[in-house]
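Notes follow once the structure below has been shown.
The values are calculated or read from the model by the stated rules, or taken from the named source; none is laboratory data. Computed from a prediction, not measured in an experiment: that's the story for all the values here. Glycine also receives a Cβ, built like all others from the backbone with ideal geometry; neighbour counts cover every protein chain displayed. When the accessible area is computed, the model is the full protein with side chains, heavy atoms only, and any ligands, DNA or RNA have been set aside. Shrake-Rupley method; radii C 1.70, N 1.55, O 1.52, S 1.80 Å.
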Amino acid sequence: MARALLRLQRYFRRKPVRFFSFIILYLTAGSLVFLHASFTSQTAASASGWGGGGRDPLAPEAASAAAAGGAGLPAGRGFGLIGRVFRESRRPAQRYGPARPKPAAVPREAPERGGRGGDYTSSWNRALKGRAAKDPEEGRAKYVGCYIDDIQKRALRGASFFDYRKMTVFRCQDNCAERGYLYAGLEFGAECFCGHKIQAPNSSEADCNMDCKGEKGNVCGGANRLSIYRLELSQESARRYGSAIFKGCFRRPDNVTLALPAGSTIANMSVDKCVDLCTEKEFSLAVLSGERCLCGFPTPRFTLHEREDEELCLHRCPGEEFESCGTEDYFLVYQTQVQDNRCMDRRFLPTRSKHLVALASFPGAGNTWARHLIELATGFYTGSYYFDGSLYNKGFKGERDHWRSGRTVCIKTHESGKKEIEAFDSGILMIRNPYKALMAEFNRKYGGHIGFASQAHWKGKEWPEFVKNYAPWWASHTLDWLRYGKRVHVVHFEELKGDLFARLKSMVLFLGLEVSEDRLLCVEGQKDGSFKRSGLRKLEYDPYTPEMRAAIDGLVRTVDGALRGRKLPGVPEEYRPR
C-alpha cells in the first residue's frame, strides 16, 4: 500500500501531468454541479410553475401547443440550467395587456355558433374569468378577449394599419383612440384593426398566441385571431360613422357640379350607403343631400370652413330611422378613409438654395408636426440640424441631408446660441405653452416620439429635475431667437392648431413659395401625420407643483414682454398667467 502511494506521489510531481489532471478534475466537478442544477430546476419548475404561477412554458404540453400556434418552442427539456437562465432573463417588463395565454390551463373551446355578420360585442370570453385586469396606471383600455377574424368579413371594420417590425399594444390602441374608435384589435403580431363594434364570435385564449413584433412578451393576436381591447377615452374624439369622420353641416355651394363632381341618387339613402359609394369612387368627401349622394374633395369652391347649425341639416334618411341625410340646401359631410393625394407628392428643391431658413422651436413645441404640415403644403422636403433615423423612416427624407445642403425648404433646429442662430438667414419660430411643451418633451425623452413616460418617471426624481433644467431653456430659446435672429416669423402652436389654413398659408409665404389652396385644403384633411400622441394615456393629475408653476409663470411673463417689445402679439391667452 505504501509503495502504491509513493508511486502516486511521484506521478503528481511531474508538472505537465499534474496540470492536466487538475483540469480534468475541475471539469468533472463542474459537470456534477451542472447536472445537480438541472435536476433542481426541473423539480422546482414542475412544482411551482414559471414565475410563481401556471405551468412551465417549456413543458411538453405547452411546447406542443405553442408549436401548433407558430411559436416553435423546443420539445426537449434536457438543459435545465439553460431553461432556468431563460426564465430569469424573461422577467416581464411593464405589461400593457393580458399575460401570455397558458394553453394547458385554458381548455380549447369551439367558436360560438352564430352568423358572421352579427354584433358580438357583449359576447365575453368565459376564459377571461380570473385574469388580472390591466394596470390602471398604464392606460385606460380594457382587454375584451380573443376573437375570430375573417379576411372576407373583418371582426373590426374601421381603419387598419400594419407594422411587421415595431407593432406594440399601445401603438395600436393609441392609433384607434386617436381616430375615435371604441375597439382596437391586434392580429398576427403586427396588424392593428379598429372598429365601433365586434362583428365576429370569440375564440379560445389559446388561439391568441403570437408576440407583438415590437414588444416581446405581450400578445398581439394570432393567425386569423384578434386580441381586442375596448378603449375608454378620456378626451372627446372625432365624431364618426363607422370609418368615416363627421365634418358637419354646410351650405350648398354655388356650383355643385364643379365642387362635387361625382354623385348618384340612392334608393333608401343612408350614411353608410353614401360613404360606401364615395369610397368606391375614391373620393375623400361623402356629401348627403336628401336622397342624393355627392362625392368630391375639399376645394376653394367647397372649403368646409364655414359650418352651419346642424339643425339646418336635420332630415331623416329614407333608409335609416335615426340618421340625418341633409337637405337640398344644406349638406351633411363625412370624410371617408380615401387618402387625398393632392398634397402627398414631395421632393427636394430643384436648385440648391443659399438662403438657409430655420424651423426653430423648443423641444416639445410641435416642430415635427410643423415639418409635416410644411412638406404637405409646399411639396418640398424639410431638413434637420440633427439626424433622427425614426423620422427618416417615416418619410422625412431631408433628415439625412446635411443641414447646409440647400436642398430642403427649411431646417429643424432646437439650438439657441448666438453663433448657431446667426448661421441661418431667417427663421420660423414655433412657440408653445410651456406647460404642454415640457410634458410633451418629457414623454418623448422617456417614451419616444409617440410614446409616453411611465408613472415611475412622472412620480420619481426625473420629472422635478427635468422641469428645473428645461423650463428656463423654454424662455431663453425664444429670447435668443428674438435677439439674434435676422428675420423671424413667430408662430404659436395653439394658433396654428386653431386656424390651420391661415397660419400655414402665412408660413408658406414667409418661405417665399407660391401658395396652392388645393394643397392647403388637402393638408387640413390629413393634418395629424405619424407623430401625434393620442389622449389615451393623459395624466389624471397635475404634475406641476405650486413652486414649479410660480417659476414657469415668471418665465411666461418674460417671454410675453419680449414679444411685445418687438411689436409682436404677446403669448396666447391660454397660458398667460392670471
**Request:** Scan (1) of a type in the set (S, T, N, Q); (2) farther than 23 Å from Leu182 by Cα; (3) open to solvent by less than 30 Å² (accessible area, probe 1.4 Å) for the single condition Asn255 breaks and write down its number.
**Result:** (3)
**Message:** Could you list, ordered by first residue, the pairs with Cβ atoms under 8 Å in which the first is in the range 291-318 and farther than 19 Å from Thr336 by Cβ and in contact (Cβ under 8 Å) with a residue 40 or more places away in the chain and the second is open to solvent by 70 Å² or more (accessible area, probe 1.4 Å) and in a strand (DSSP E or B), at least 6 apart or interchain?
**Reply:** Glu306/Arg251; Glu308/Arg251
**Message:** Please go through the range 376-399 and give me each residue that is charged (D, E, K, R), more than 21 Å from Phe362 (Cα to Cα) and in a helix (DSSP H, G or I), ordered by number.
**Reply:** Lys397
**Prompt:** Taking interchain pairs and intrachain pairs at least six residues apart, which have beta carbon atoms under 9 angstrom, with the first residue in the range 417-432 and over 13 Å from Ser361 (Cβ atoms) and part of a loop (DSSP other than H, G, I, E, B) and the second open to solvent by 40 Å² or more (accessible area, probe 1.4 Å) and among the hydroxyl-bearing types (Ser, Thr, Tyr)?
**Reply:** Gly417/Tyr484
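Does Arg537 qualify as being surrounded by 13 or more Cβ atoms within 10 Å (Cβ to Cβ), closer than 25 Å to Asn443 by Cα, touching a His at 6+ places or on another chain (Cβ under 9 Å) and at pLDDT below 95?
The answer is no for Arg537.
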**Request:** Find the residue count for the range 271-283, including only residues that are acidic (Asp, Glu) and not in a helix (DSSP H, G or I).
**Result:** 1
**Residues located in the range 157-194, provided they are small (Gly, Ala, Ser), surrounded by fewer than 24 Cβ atoms within 10 Å (Cβ to Cβ) and touching a helix residue (DSSP H, G or I) at 6+ places or on another chain (Cβ under 9 Å)** = Gly158, Ala159
**Residue count for the range 397-435, restricted to those that are open to solvent by 10 Å² or more (accessible area, probe 1.4 Å) and aromatic (Phe, Trp, Tyr)** = 2
**Item:** Candidate set: the range 202-217, residues that are of a type outside the set (A, V, I, L, M) and surrounded by fewer than 24 Cβ atoms within 10 Å (Cβ to Cβ); chosen: the one farthest from Cys192 (Cα to Cα)
**Value:** Ser204
**Message:** One residue is enough: does the range 436-450 have a residue meeting the conditions on the phi < 0 side of the Ramachandran plot, surrounded by fewer than 16 Cβ atoms within 10 Å (Cβ to Cβ) and either among the hydrophobic types (A, V, I, L, M, F, W, C) or touching a strand residue (DSSP E or B) at 6+ places or on another chain (Cβ under 6 Å) (or both)?
**Reply:** no
**Request:** Name the single residue, out of those in the range 504-531 being surrounded by fewer than 16 Cβ atoms within 10 Å (Cβ to Cβ) and of a type in the set (Asp, Glu), that is modelled with the lowest pLDDT.
**Result:** Asp528
**Request:** Considering every residue within the range 330-349, establish whether at least one is more than 34 Å from the chain's Cα centre (by Cα), on the phi > 0 side of the Ramachandran plot and of a type outside the set (Lys, Arg).
**Result:** no
**Message:** Among the numbered criteria (1) within 30 Å of Lys505 (Cα to Cα); (2) open to solvent by less than 70 Å² (accessible area, probe 1.4 Å); (3) modelled with pLDDT under 90, which one does Pro318 miss?
**Reply:** (1)
